[in-house]
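Accompanying notes for the structure given below.
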Amino acid sequence: MLREPQFWLVFAAFAVAMEFWAMLLHGRLWHGPWWPAHRSHHRPRTGWFEANDVFAALHASIAIFLIVGGCEQVFGAFSHACVAAGWGMTAFGVSYFLVHDGLIHGRLPVGFLGRLAWLRRVRNAHSVHHRLDAAPYGLFLGQWELRRSLAQTGKARRDRRA
């Protein structure tokens with residue numbers, strides 16, 4: 001069995017890792033071979049759902065599998081870690097849903113989240129993504145990714161001049 005600090009460490013590691021996983025998938029697959037489904041997210045929505053929502057359902061089913069599977073296994077470190085991982089993924093998913101679908105795209109009444117300066121920067125970076133259909137692909141780290149991308153672009157320009 002994991003001790004409580006270990007449980008929370010696995011939980012936090014998976015919650016944070018999901019941002020990097022989402023960034024990777026978004027850049028490599030959603031704007032690549034999975035564009036036909038993701039395109040629905042970059043167009044005006046008609047109704048409650050869009051084809052892009054299938055990606056959230058896929059990851060939610062993995063988190064559910066980890067939680068339920070961990071609970072049904074013989075109680076031990078591995079089963080406890082599965083539960084922690086599943087809840088970490090779920091925490092990321094709920095946060096993503098509230099900020100991305102709620103605050104940024106207005107699918108939920110959570111406009112009050114825009115009072116937080118950091119979440120306004122998250123929203124602004126995501127609006128760049130929608131304008132360009134390009135990076136930043138991350139959500140919570142999108143502003144960092146955008147700054148890094150701009151710095152690399154500036155460096156490339158300076159290198160070409162040299």
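Which value, in debye to the nearest 20, gives the size of the charge dipole of the chain about its Cα centre, when Lys and Arg are +1 and Asp and Glu are -1 at the Cβ?
On the way: 18 positive and 9 negative charges, 233 e Å.
Magnitude of the dipole: close to 1120 debye.
Taking the chain as the reference, fit the longest principal axis to its C-alpha atoms, fit the long axis of helix 77-96 to the helix C-alpha atoms, and give the angle between the two in degrees, 0 to 90, nearest 10.
Between helix and principal axis, roughly 40 degrees.
Helix 53-72 versus the longest principal axis of the chain: what angle, 0 to 90°, nearest 10, using Cα atoms?
That works out to roughly 20 degrees.
Go through (i) 0.94; (ii) 1.04; (iii) 1.12 and flag the label whose value is the computed Rg/Rh (Cα atoms, Kirkwood Rh) for this structure.
Working out Rg/Rh (Cα atoms, Kirkwood Rh) from the coordinates points to (ii).
Suppose the Debye formula is applied to equal point scatterers at every Cα of region 37-87; what is log10 I(q)/I(0) at q = 0.15, 0.29, 0.31 Å⁻¹?
So the normalised log intensities are -0.52, -0.96, -1.04.
What is the Cα centroid distance between region 24-50 and region 55-117, reported in whole angstrom?
20
Summing +1 for each Lys or Arg and -1 for each Asp or Glu, what net charge is found among the other residues whose Cβ lies under 10 Å from the Cβ of GLY114? It would help to have the intermediate numbers written out before the result.
Working: positive: ARG115, ARG120, ARG123; negative: none.
Computed value for this residue: +3.
Give the angle, between 0 and 90 degrees and rounded to the nearest 10, that separates the Cα long axis of helix 142-161 from the longest principal axis of the Cα atoms of the chain.
40
No lab work stands behind these numbers, since they all come straight from the coordinates. Because the structure is predicted, anything quoted here is derived from the model rather than measured. When we count neighbours, we look across all protein chains shown, and the Cβ atoms used for this are built from the backbone with ideal geometry, even at glycine.
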